[in-house]
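These notes concern the structure reproduced below.
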Amino acid sequence: DADLPTVDLSECENEAIHLLELVQPHGCVLILGGPSLTVQRASLNSGLILGEAVEDLLNRPINTILDGLAVAALEDLLERAGQPETVPVAGFYARSISDVAPVPRLRATPHRIGDADEARLILELEPTTESDEDDAEESFGTEAVAMASLWESENLYVFLDQTVQAIAGLTDYDRVMAYMFHPDWSGEVVAETCTPELTPFLGLRYPASDIPSQARRLYLSNRLRLIADVGAIPVAMTRDVSRTDGAPLDLGHAILRSVSSYHIEYLRNMGVGATLVASLVVDGALWGLIACHHNGPKALPWHRRDAVGRVTSRASDRTADILSLRRDRQNRRAHRFLEMFGSRVVDHATALDALFFGSPRLSDVLHCDGIALHVAGQTAAIGNAPPANAMSVFLERAFQQAQDGVFASHNLPNTGVTDGLDMPACHGALVAFPGDTPDVALACFRDELVHEVHWGGDPNKAVEVDSASNRLSPRKSFNLWRQEVRGQSRPWDPWTLTLIQGCATLLTEHPTTDPDAAHGVEA
Ligand code: BLA
């Protein structure tokens, strides 16, 4: 909502972060294809992890490299290409066959890429230890307790607070946050737990450019990302021995994908050593993130990471429930008011009596500072409404911008509808046009609400342009930056649009909708 300077962000937005062909060095990636699942490409560190020269891994069937591998399950996964996904293949343990392998045990996680005719598997291998495997059981216990705690509160912020506590208990990250997107894709830390040495981020806002749109799109389908070491040097892939088309490899769903260097720079500037981020998805849209930071490197073992995925998925569902309960409550309240208002309209001599007298009044329910009813060039108003000489022009312009017969703005100067009009006191307006003309309108107005937004770093300098290279880079400081927001009112919730539309319709059905009949409440 804030008016921020415009930098050309296409450099950030256009980076194909799923096609960088780089992986994090704490594991390795093999690309398998063909009937015997031969290695077509490998991350350059695969040799190091599997105890063989990486060139020697290429063109080899996977069962000559790994032991204890669920090869049948892998073949099945490959064959199911093009069919609706049924049972996904979970990860499993494997061993390197090479007797010089430095790592005895591996966690293997496969997923399929490509369509039916050129399907391949991405097999991700992460070194694991026996104690990791033993920890899996304890992790399940902690997860069960975490899951149970998510059902205790119907208050969104209390619930999110319980969620970040639960995830901190499960993972031991130094900072765990719930990050909520605003309609303009800026975001806010709405729940947090962190170690006492860290400065809390709770309540801070971050501009939309911190998380570009292609990243937000990816996070909708790939709902969990881990950066084990912000300082790690990414590893490239070998050539592809199966094809020469040069089509880039899509690592969008690989947990070992190495992330954008812009984001690495961002985390360095923030002093973060490792992260784990899971998506909160509500009604099919990215609603927020559970973001975990660690001061130093941290590769959370797979079973705890999966647990975070499951807890976050349940937290998404719970968020949806809480928001829908809230919407239901608001809609019921609006509905009750409309019923009462309907009978009042019938009982009163005039529509204006119904509108301006009785209890509760529309202005109380809508929390507005002025109301005007406009019929055929005549306006009756109470409270802080535009003067009569501004009204017709205002309504005509608002009508042009109305959607489904309603105009709503909490930032009138920005919409242009008040240009040149003498209505300095009105900063927000909600207007319903029950007919298909601007001649009949019910309008509510809100005064300015001066407030402060606390940003994590100056949002005017969110993105810096390096003058030498012309390359964009994230800001260096994330210290509290206070912005005083003027010229705006409190925003209008969706239910207020329904309510004013309902009232306007009821009023026009009243036979005496005639502003001249007002009891001395003329503007
Ligand atoms: C990604 N930026 C991200 C992600 C977060 C943030 C959470 C997702 C990382 C993930 O899921 O692993 C931002 N991190 C934050 C914020 C907080 C936090 C706001 O902890 C608040 C506490 N970023 C920039 C600039 C560019 C940029 C200038 O600031 C581009 C020029 C890019 N950010 C950028 C990109 C990604 C990203 C490209 C995607 C990284 C990837 O998945 O490869």
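The values are calculated or read from the model by the stated rules, or taken from the named source; none is laboratory data. As the structure is a computational prediction, the values presented were derived from the model and not from experiment. Note: ideal-geometry Cβ built from the backbone for every residue, glycine included; neighbour counts use all protein chains shown. The area values use the complete protein model at the heavy-atom level, side chains included, leaving out ligands, DNA and RNA. Shrake-Rupley method; radii C 1.70, N 1.55, O 1.52, S 1.80 Å.
Of the chymotrypsin sites (Phe, Trp or Tyr not before Pro) found in region 145-182, the ones in coil according to DSSP and having at most 12 other Cβ atoms within 10 Å of their Cβ are TRP151. Between region 416-471 and region 170-209, the C-alpha centres lie 26 angstrom from each other.
If R0 is taken as 51 Å, the Cβ-Cβ distance between LEU9 and SER36 corresponds to a FRET efficiency of 0.65.
Based on C-alpha pairs under 8 angstrom that are at least 6 apart in sequence, region 21-128 has a relative contact order of 29 percent.
Heavy-atom surface analysis with a 1.4 Å probe gives region 21-128 a carbon and sulfur content of 55 percent of its accessible area. Within the full protein context, the accessible area of HIS410 is estimated at about 40 Å² for a probe radius of 1.4 Å.
With charges set only on the Cβ (+1 for Lys and Arg, -1 for Asp and Glu), what does the dipole of the chain come to about its Cα centre, in debye to the nearest 20?
Charge dipole, the chain, about its Cα centre: 340 debye, nearest 20.
Phi-derived couplings, Karplus 6.51 cos²θ - 1.76 cosθ + 1.60 at θ = phi - 60°, listed residue by residue for region 400-409: 4, 9, 5, 10, 6, x, 10, 10, 9, 8 Hz, with x used for Gly and Pro. Computed about the Cα centre, the dipole magnitude for region 21-128 is approximately 260 debye when only Lys and Arg (+1) and Asp and Glu (-1) carry charge, each at its Cβ.
With a simple spin-label model that places each label point 7 Å from the Cα along the Cα-to-Cβ direction, the separation between VAL145 and ASN460 comes to 4.9 nm. Accessible surface computed residue by residue for region 21-128, with neighbouring protein chains in place and a 1.4 Å probe, gives 43 Å² per residue.
For the chain, CYS12, CYS28, CYS194, CYS292, CYS426, CYS503 stand unpaired, since no other cysteine beta carbon lies under 4.7 Å from theirs. Computed 3J(HN,Hα) for region 174-188, one whole-Hz value per residue from the Karplus formula 6.51 cos²θ - 1.76 cosθ + 1.60 where θ = phi - 60°, is 5, 9, 10, 10, 9, 10, 10, 7, 8, x, 8, 6, 6, x, 9, glycine and proline marked x. Projecting the alpha carbon convex hull of region 21-128 along each direction and taking the average yields 6.3 nm².
For ASP419 and ARG310, the difference between the fully extended length at 0.36 nm per residue and the C-alpha to C-alpha distance is 34.1 nm.
Between the beta carbons of ASN155 and ASP117, assuming R0 = 51 Å, the FRET efficiency works out to 0.50 to the nearest 0.05. Computed from the Cβ-Cβ distance with R0 of 45 Å, the FRET efficiency linking SER343 to SER213 stands at 0.40. The distance from the alpha carbon centre of region 308-335 to that of region 101-165 is 24 Å, rounded to a whole number. Solvent exposure of CYS12, expressed as accessible area, is near 20 Å², computed with a probe of 1.4 Å over the protein chains only.
Projected label points at ARG471 and ALA285, each 7 Å from Cα along the beta carbon direction, are separated by 3.5 nanometres. With Cα atoms as the point set, the chain shows a radius of gyration and Dmax of 29.3, 97 Å.
Rounded to the nearest 10 degrees, what's the angle between the helix 130-149 long axis and the longest principal axis of the chain, both from Cα atoms, 0 to 90? Taking the Cα atoms of the chain, the angle to 130-149 is about 20 degrees. In terms of packing, defined here as the mean over residues of other Cβ atoms within 10 angstrom, the peptides 109-120, 303-314 line up highest first as 303-314, 109-120. Each residue of region 213-218 is assigned a 3J(HN,Hα), and the resulting list reads 5, 5, 5, 4, 5, 4 Hz, derived from the Karplus form 6.51 cos²θ - 1.76 cosθ + 1.60 (θ = phi - 60°), x at Gly and Pro. Using C-alpha pairs under 8 Å with a sequence gap of at least 6, the mean separation divided by the residue count of the chain gives a relative contact order of 14 percent. On full extension, the segment bounded by HIS451 and SER221 gains 79.2 nm, given 0.36 nm per residue less the C-alpha separation. Fully extending the segment from GLU75 to SER131, taken as 0.36 nm per residue of separation minus the present Cα-Cα distance, adds 17.2 nm. Seen against the Cα atoms of the chain and their longest principal axis, helix 261-270 is set at about 70 degrees.
By how many degrees, between 0 and 90 and to the nearest 10, does the Cα long axis of helix 302-347 differ from the longest principal axis of the chain? On a 0 to 90 degree scale, this one is about 10.
Put a dot 7 Å past the Cα of ARG327, heading toward its Cβ, do the same for GLN378, and the two dots end up 4.1 nm apart.
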